[in-house]
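S.K.: Structure incoming, see below.
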Amino acid sequence: MVKITKEAALEYHSNGRPGKIEVKPTKPYHTQTDLSLAYSPGVAYPCLEIQQTPNDVYKYTDKGNLVAVISNGTAVLGLGDIGAISGKPVMEGKGLLFKIYGGIDVFDIEIDEKDPDKFCETVERIAPSFGGINLEDIKAPECFKIEERLKKSLDIPVMHDDQHGTAIISAAGLKNALEVAGKDITKVKVVVNGAGAAAISCTKLYVALGVRKENVVMLDSKGVITSDRTNLTPQKALFATDRRDVHTLEEAVKGADVFVGLSKGNVLTQDMVRSMAASPIVFALANPVPEISYEDAMAARPDVLISTGRSDYPNQINNVIGFPYIFRGALDVHARAINEEMKMAGVLAIADLAKQPIPDVVNEVYHVNDLSFGPQYFIPKPIDPRLITEVSSAVAKAAIESGVARTEITDWEHYKQNLRQLLGQETKLTRNLHLTAAKHPQRIVFAEGEHNTMMKAAVQAKSEGICQPILLGNPDRLRRMAARLKLDLTDIELIDMRADHEQGRRATYAKHLAEKRAREGYTFQEAYDKMYERNYFGMMMVETGDADAFITGLYTKYSNTTKVAKDVIGIRPGHSTFGTMHIVNSPKGALYLGDTLINSDPTTEDLVDITQLASHTVSFFNEQPIISMISYSNFGSDKTAGSIKVKNAVARLHEENPDLCVDGEMQIGYALNKELRDQKYPFSKLVGKDVNTLVFPNLTSARSSFKLLQMLSNDVEIIGPIQMGLNKPIHFTDSECSVRDVVNITAVAAIDAYVEKIKNKNKNNK
């Protein structure tokens, strides 16, 4: 666990702009027209529409994506009653989590009022501003009264996360832990240490899930809560036991199947754990010090299934797994409430997600490759990108079915797409690529089949219907690796290019290559020897029609790969070189960059080729190429060799491709600032146009540019490299590519292969 110092925490909150959240405009505001639309007089029109149709407030304002995080500071973390204003950093933090995990806007509101009725009156008066209310850090029993009243008086979702968030996550964990342990939920004996808001809410949800109330023993600071105890609150009375043989925690846990701690640290001993039933389930949720440490619990009972609230141990029960997505689903159907059906839907969705194959991003963050449903993993990790789609959808469906939704969702796949795009997991561009590729899946060879990233990408691409993968490598090694990674290689072809039974194919490929390059010094024997290499063999599969496309580059140096591609596939007629393109996909749109991989210091002739190829590639993505040739100078302002070669390339392009919208040389600032460019250089062919394609003078500037953009902004998605200029669909990756990157390249390769087939078919028909 990371050690947090007071100094570091204070520096984090105070450095730069104080606090952790801000408000940003979502509409243009630069012109007088913008401001007149945003405020007076234009703002009057949506006001009048809302007056006529109140639900239109969701159409014209942020209400449908705005949650109030409200507290009076009476139960802040483990600090207790520290006051409303002192709790503000926590509420801002909650707002931060809402935004980054659910895309939900938050106003944190600290109310200096301990009287429950007066507190509720304040919330009720401000509620029209919001699509939902998240109550936070309010002590028991007042929190019960507050939530109960607000749920009745308001027609928007209200949830006290300290109660219900913990309940939902722990209930999902309990359901799965019982499954792992092979225990019947209707028969298990449950001990709940703690009787505050979270403990009461958790136990209620466990009972709704199937736990029998008579099998529950709850304790507070005075010991076991029995039905003969006087002055019990209604909440405690609900779970008071009729048993008289247990009084202490030590007595209560003997023979128990489940321990749930929502109390204080270090109250559960190793001896107590040893006294529990076989395969005991221990949820030690006190924070930051659990009721028993993970190490002590495992030392006491190797068969224990344990969860804590800490991220440095398995099975973390963290409210962030729930509340952003529960509110997300509720907001998206303009729900009037968060009801029991929606909570249970969240429980079941979270529980089910833990049984699905683990996304690669989770393995990468936690530095593991073997997470699978079992004792060490029965609760999804907080960073699992599928939480927003699966939990939000389940909650929204439950809201609709239970009758609390104001609006309905009919296209659930479209809804999930929008959620992925909301958090930057997917963009319209990548989604369209994947959908297009899935309509025409192709046979794609993956060179480095034994590389973790490439195997995972191949399996994922197959599951999305993008391609029929072919993995090169030793089949036994590939299967062992797949078993270790928990990947299914069913219906995926495995080819060992070095195997004896591939001798005939190696000979066929060698004969083809030797004949193709006979005037370039190739002999049959030399060509045959090369067929033991994955790049030669894989590219020959595409060259001869045994496959449709080829992906390589995770292991191989570019210089070698480039040579093989030129030898086996060849450069497109009319061109002297080939290159690659990266797409920078940002909220402002797509920007196409070339060459980003192949030509380290291109000549004037190379730049002409690269620009022409870039134009073809941008058109391939159904956009009109508007191209700027980049340099450190503008239109001849510098006479050094680096700028002159770009200037000469532009001159040739204007002469040879007069219809091509391209100009330069120019600096990036002028290329991407239309107003500045047009004002200073009104003679440019780009006047009045927004540049979408940049051609760089060398590889250093190209790679530095897109890498810088990638590192500086989380809102930027990089797709590529995308091959341009070879005769057939041969595509490259690099060593830094993630699984998602390779899947995106696979989609491009599949589309490229399909388009190539259509071209050849049309050519043959003529």
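The values are calculated or read from the model by the stated rules, or taken from the named source; none is laboratory data. All figures in this text were calculated on a predicted structure; none of them were measured in a lab. Neighbour counts run over all protein chains shown; Cβ positions are idealised from the backbone, glycine included.
S.K.: Of these, Ala527, Ala514, Ala483, Ala547, which one is over 18 Å from Pro441 (Cβ atoms) and either within 29 Å of the chain's Cα centre (by Cα) or outside any helix (DSSP H, G or I) (or both)? Before the answer, list the steps.
M.R.: Numbers: Ala527 fails: either within 29 Å of the chain's Cα centre (by Cα) or outside any helix (DSSP H, G or I) (or both); Ala514 fails: either within 29 Å of the chain's Cα centre (by Cα) or outside any helix (DSSP H, G or I) (or both); Ala547 fails: over 18 Å from Pro441 (Cβ atoms).
The match here is Ala483.
S.K.: Got a sec? Which of Leu597, Leu593 is surrounded by 20 or more Cβ atoms within 10 Å (Cβ to Cβ), modelled with pLDDT of 90 or more and hydrophobic (A, V, I, L, M, F, W, C)?
M.R.: Details: Leu597 fails: modelled with pLDDT of 90 or more.
Being surrounded by 20 or more Cβ atoms within 10 Å (Cβ to Cβ), modelled with pLDDT of 90 or more and hydrophobic (A, V, I, L, M, F, W, C) holds for just one of Leu597, Leu593, which is Leu593.
S.K.: Does Val404 satisfy being over 15 Å from the mean Cα position of the chain (by Cα), crowded, with 16+ Cβ neighbours inside 10 Å and in a loop (DSSP other than H, G, I, E, B)?
M.R.: Working: over 15 Å from the mean Cα position of the chain (by Cα): yes; crowded, with 16+ Cβ neighbours inside 10 Å: yes; in a loop (DSSP other than H, G, I, E, B): yes.
Yes.
S.K.: Only residues that are surrounded by 19 or more Cβ atoms within 10 Å (Cβ to Cβ) and not hydroxyl-bearing (Ser, Thr, Tyr): list them for the range 74-91, please.
M.R.: To start, the set of residues in the range 74-91 that are surrounded by 19 or more Cβ atoms within 10 Å (Cβ to Cβ) comprises 74-76, 84, 87, 90-91.
Ala75, Val76, Ala84, Gly87, Val90, Met91 - these are the residues of the range 74-91 that are surrounded by 19 or more Cβ atoms within 10 Å (Cβ to Cβ) and not hydroxyl-bearing (Ser, Thr, Tyr).
S.K.: Okay, moving on. If you check Thr490 against the conditions, is it of a type in the set (Ser, Thr, Tyr), under 27 Å from Gly132 (Cβ atoms), at pLDDT 90 or above and in a loop (DSSP other than H, G, I, E, B)?
M.R.: Details: of a type in the set (Ser, Thr, Tyr): yes; under 27 Å from Gly132 (Cβ atoms): no; at pLDDT 90 or above: yes; in a loop (DSSP other than H, G, I, E, B): yes.
Considered against the rule, which asks whether it is of a type in the set (Ser, Thr, Tyr), under 27 Å from Gly132 (Cβ atoms), at pLDDT 90 or above and in a loop (DSSP other than H, G, I, E, B), Thr490 comes out as no.
S.K.: Could you list, in sequence order, the residues of the range 651-662 that are more than 41 Å from the chain's Cα centre (by Cα) and within 12 Å of Ser684 (Cα to Cα)?
M.R.: Kept after step one, since they are more than 41 Å from the chain's Cα centre (by Cα), are these residues of the range 651-662: 651-659.
Answer for the range 651-662, where residues must be more than 41 Å from the chain's Cα centre (by Cα) and within 12 Å of Ser684 (Cα to Cα): just His654.
S.K.: Does the range 497-505 contain any residue that is under 27 Å from Ser372 (Cβ atoms), among the charged types (D, E, K, R) and either crowded, with 18+ Cβ neighbours inside 10 Å or free of Cβ contacts under 8 Å to residues at least 60 places away in the same chain (or both)?
M.R.: The initial filter retains those residues of the range 497-505 that are under 27 Å from Ser372 (Cβ atoms), namely none.
No - not one qualifying residue is present in the range 497-505.
S.K.: Looking at the range 560-577, which of its residues are without any contact (Cβ under 8 Å) to a residue 60 or more places away in the chain, among the hydroxyl-bearing types (Ser, Thr, Tyr) and over 13 Å from Asp606 (Cα atoms)?
M.R.: Once the filter is applied, which keeps residues that are without any contact (Cβ under 8 Å) to a residue 60 or more places away in the chain, among the hydroxyl-bearing types (Ser, Thr, Tyr) and over 13 Å from Asp606 (Cα atoms), the range 560-577 yields only Thr562.
S.K.: Tally time: how many residues in the range 64-99 are without any contact (Cβ under 8 Å) to a residue 24 or more places away in the chain, in a helix (DSSP H, G or I) and either outside the structural domain of Cys120 (by TED's automatic domain parsing) or not hydroxyl-bearing (Ser, Thr, Tyr) (or both)?
M.R.: Qualifying residue count, the range 64-99: 1.
S.K.: Only one residue in Lys189, Lys152 is charged (D, E, K, R), over 19 Å from Gln316 (Cα atoms) and in contact with a strand residue (DSSP E or B) (Cβ under 9 Å, 6 or more places away or on another chain). Which one?
M.R.: Answer to the selection: Lys189.
S.K.: Taking the criterion of being assigned by TED's automatic domain parsing to the domain that holds Ile719, at positive phi, in contact with a Lys or Arg (Cβ under 9 Å, 6 or more places away or on another chain) and at pLDDT below 95, would at least one residue in the range 628-638 satisfy it?
M.R.: Yes, the range 628-638 contains at least one residue that is assigned by TED's automatic domain parsing to the domain that holds Ile719, at positive phi, in contact with a Lys or Arg (Cβ under 9 Å, 6 or more places away or on another chain) and at pLDDT below 95.
S.K.: For Arg431, state whether it is within 31 Å of the chain's Cα centre (by Cα) and among the basic types (Lys, Arg).
M.R.: On the way: within 31 Å of the chain's Cα centre (by Cα): yes; among the basic types (Lys, Arg): yes.
Here the answer is yes, as Arg431 does meet what is asked.
S.K.: Out of the range 283-304, which residues are touching a Gly at 6+ places or on another chain (Cβ under 9 Å) and of a type in the set (A, V, I, L, M)?
M.R.: Ala284, Leu285, Ala286, Val289, Ile292
S.K.: If you don't mind, there's one more thing I want to ask. Do we have Phe446 as more than 19 Å from the chain's Cα centre (by Cα), outside the structural domain of Met540 (by TED's automatic domain parsing) and crowded, with 21+ Cβ neighbours inside 10 Å here?
M.R.: When the stated conditions are applied, Phe446 does not pass them.
S.K.: Mind checking whether some residue in the range 108-123 is touching a residue at least 24 places away in the same chain (Cβ under 8 Å), under 27 Å from the mean Cα position of the chain (by Cα) and under 30 Å from Leu10 (Cβ atoms)?
M.R.: Yes: one or more hits.
S.K.: What residue, among those in the range 284-320 that are under 17 Å from His160 (Cβ atoms) and assigned to a helix (DSSP H, G or I), is farthest from the chain's Cα centre (by Cα)?
M.R.: Filtering the range 284-320 for residues that are under 17 Å from His160 (Cβ atoms) and assigned to a helix (DSSP H, G or I), the one farthest from the chain's Cα centre (by Cα) comes out as Asn319.
S.K.: Let me ask another. Based on this model, can you work out whether Pro385 counts as closer than 30 Å to Glu502 by Cβ and either not small (Gly, Ala, Ser) or not assigned by TED's automatic domain parsing to the domain that holds Phe98 (or both)? Talk me through it step by step, then tell me what you get.
M.R.: Working: closer than 30 Å to Glu502 by Cβ: no; either not small (Gly, Ala, Ser) or not assigned by TED's automatic domain parsing to the domain that holds Phe98 (or both): yes.
Taking the combined requirement at face value, the residue does not satisfy it.
S.K.: Another question, if that's okay. Say we look at the range 218-255 and pick out the residues that are in contact with a helix residue (DSSP H, G or I) (Cβ under 9 Å, 6 or more places away or on another chain) and of a type in the set (S, T, N, Q); which of these is surrounded by the fewest Cβ atoms within 10 Å (Cβ to Cβ)?
M.R.: Top of the filtered list is Ser227.
S.K.: If you don't mind, another one. Would you mind finding the one in Asp257, Asp271, Asp245 that is closer than 20 Å to Ile185 by Cα and of a type in the set (Asp, Glu)? Let's see the steps before the verdict.
M.R.: Details: Asp271 fails: closer than 20 Å to Ile185 by Cα; Asp245 fails: closer than 20 Å to Ile185 by Cα.
Only one candidate qualifies: Asp257.
S.K.: Could you say which residue among Ile668, Ile644 is closer than 15 Å to Glu605 by Cα, surrounded by fewer than 21 Cβ atoms within 10 Å (Cβ to Cβ) and of a type outside the set (S, T, N, Q)?
M.R.: Numbers: Ile668 fails: closer than 15 Å to Glu605 by Cα.
When all the criteria are applied, what remains is Ile644.
S.K.: With the requirement that a residue be farther than 21 Å from Asn318 by Cα and hydrophobic (A, V, I, L, M, F, W, C), what does the range 268-287 give you?
M.R.: Of everything in the range 268-287, those that are farther than 21 Å from Asn318 by Cα and hydrophobic (A, V, I, L, M, F, W, C) turn out to be Met272, Val273, Met276, Ala277, Ala278.
S.K.: Output the number of residues of the range 273-293 satisfying the condition of being out of contact with any strand residue (DSSP E or B) (no Cβ under 6 Å at 6 or more places or on another chain) and either closer than 30 Å to Val76 by Cβ or outside the structural domain of Lys187 (by TED's automatic domain parsing) (or both). Spell out how you get there, then give the answer.
M.R.: Residues of the range 273-293 out of contact with any strand residue (DSSP E or B) (no Cβ under 6 Å at 6 or more places or on another chain): 273-280, 287-289, 293.
Now restrict to residues that are either closer than 30 Å to Val76 by Cβ or outside the structural domain of Lys187 (by TED's automatic domain parsing) (or both): 287-289, 293.
The total comes to 4.
S.K.: Within the range 627-648, can one find any residue that is under 18 Å from His731 (Cα atoms) and touching a residue at least 24 places away in the same chain (Cβ under 8 Å)? Reasoning before the result, please.
M.R.: Just the residues of the range 627-648 that are under 18 Å from His731 (Cα atoms), to begin with: none.
Within the range 627-648 (the criterion being under 18 Å from His731 (Cα atoms) and touching a residue at least 24 places away in the same chain (Cβ under 8 Å)), the answer is no, since none of the residues qualifies.
S.K.: Show me the strands (runs of 3 or more DSSP E) found entirely inside the range 156-224 where at least 2 residues are free of Cβ contacts under 8 Å to residues at least 60 places away in the same chain. Walk me through how you get there before you give the answer.
M.R.: On the way: elements: 158-160, 190-193, 216-220.
It comes to 216-220.
S.K.: Checking Thr733 against (1) more than 16 Å from Ala457 (Cβ to Cβ); (2) in contact with a Leu (Cβ under 9 Å, 6 or more places away or on another chain); (3) hydroxyl-bearing (Ser, Thr, Tyr), which single condition isn't satisfied?
M.R.: (1)
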